[in-house]
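Since the structure comes first, as structure tokens, the remarks are kept for the end.
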Amino acid sequence: MSLTPFHLAFPVDDLDAARAFYGGLLGCPEGRSAPQWIDFDLYGHQIVAHKVEGRSPFEAPTNPVDGHDVPVPHFGVVLEWQAWHDLADRLRAAGVPFGIEPYIRFAGQVGEQATMFFYDPAGNALEFKSFRDMGQLFATD
């Protein structure tokens, strides 16, 4: 399966904080930018932080999943298993607070996956996950 990069534009209230978070902490190379927006390469996908004046962090509505309150909306990337663990370790070491701590769902079962939720400085919810078997990404069983 060949995947095509997606594009996502999202609001932030501080471009310097977005640059430090996405470029510094998450390690996303920076692309083009202007005084009101910055392109980032999020694992081969184009995300664009757009400065929105007067925006303050928000509380996203949630949906119950596995006993957790999953923020909706959210975005992120499905990483290889070790890359997910490396990112979780890097976020912990940086003191990033998790909305949902890194954990393994369906351990030892079909569809075993690792997931974690955290927020950027503008309050945008992110989920990064990984599947033990990437072939299970779109499995229906």
Two-site FRET efficiency, ALA20 against ASN63, from Cβ-Cβ distance with R₀ of 41 Å, rounded to 0.05: 0.90
Share of carbon and sulfur in the accessible heavy-atom surface of the stretch 2-141 [1.4 Å probe, %]: 54
Per residue accessible area in Å² of the stretch 46-141, where ligands, DNA and RNA are left out and the probe is 1.4 Å: 55
For the chain: rounded, prolate or oblate by the Cα gyration tensor [a/c cutoff 1.5]: prolate
Karplus 3J(HN,Hα) series, Hz, for the stretch 110-116 with 6.51 cos²θ - 1.76 cosθ + 1.60 (x for Gly, Pro): 4, x, 3, 8, 9, 8, 7
Distance (nanometres) between label positions extended 7 Å along Cα→Cβ at MET134 and SER33: 3.0
Percent of beta bridges antiparallel (DSSP, the chain, rounded to nearest 5): 75
Segment PHE10-HIS74, length gained on full extension (0.36 nm per residue, minus Cα span): 22.0 nm
Ellipticity estimate at 222 nm from DSSP helix runs (n ≥ 4, -39,500 (n - 2.57)) divided over the chain, nearest 500: -3500 deg cm²/dmol
Relative packing of 32-39, 46-53, 98-105, which averages over residues the other C-beta atoms within 10 Å, highest first: 46-53, 98-105, 32-39
Angle between the chain longest axis and helix 81-93 axis [Cα atoms, degrees, rounded to 10]: 50
Shape category assigned to the stretch 58-141 from the gyration tensor of Cα positions, a/c cut at 1.5: oblate
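The values are calculated or read from the model by the stated rules, or taken from the named source; none is laboratory data. From a predicted model like this one, the values you see are computed outputs, not experimental measurements. Ideal geometry is used to build each Cβ from the backbone, glycine not excepted, and the neighbour counts take in all protein chains shown. What goes into the accessible areas is simple: the full protein's heavy atoms, side chains included, and nothing from ligands, DNA or RNA. Shrake-Rupley method; radii C 1.70, N 1.55, O 1.52, S 1.80 Å.
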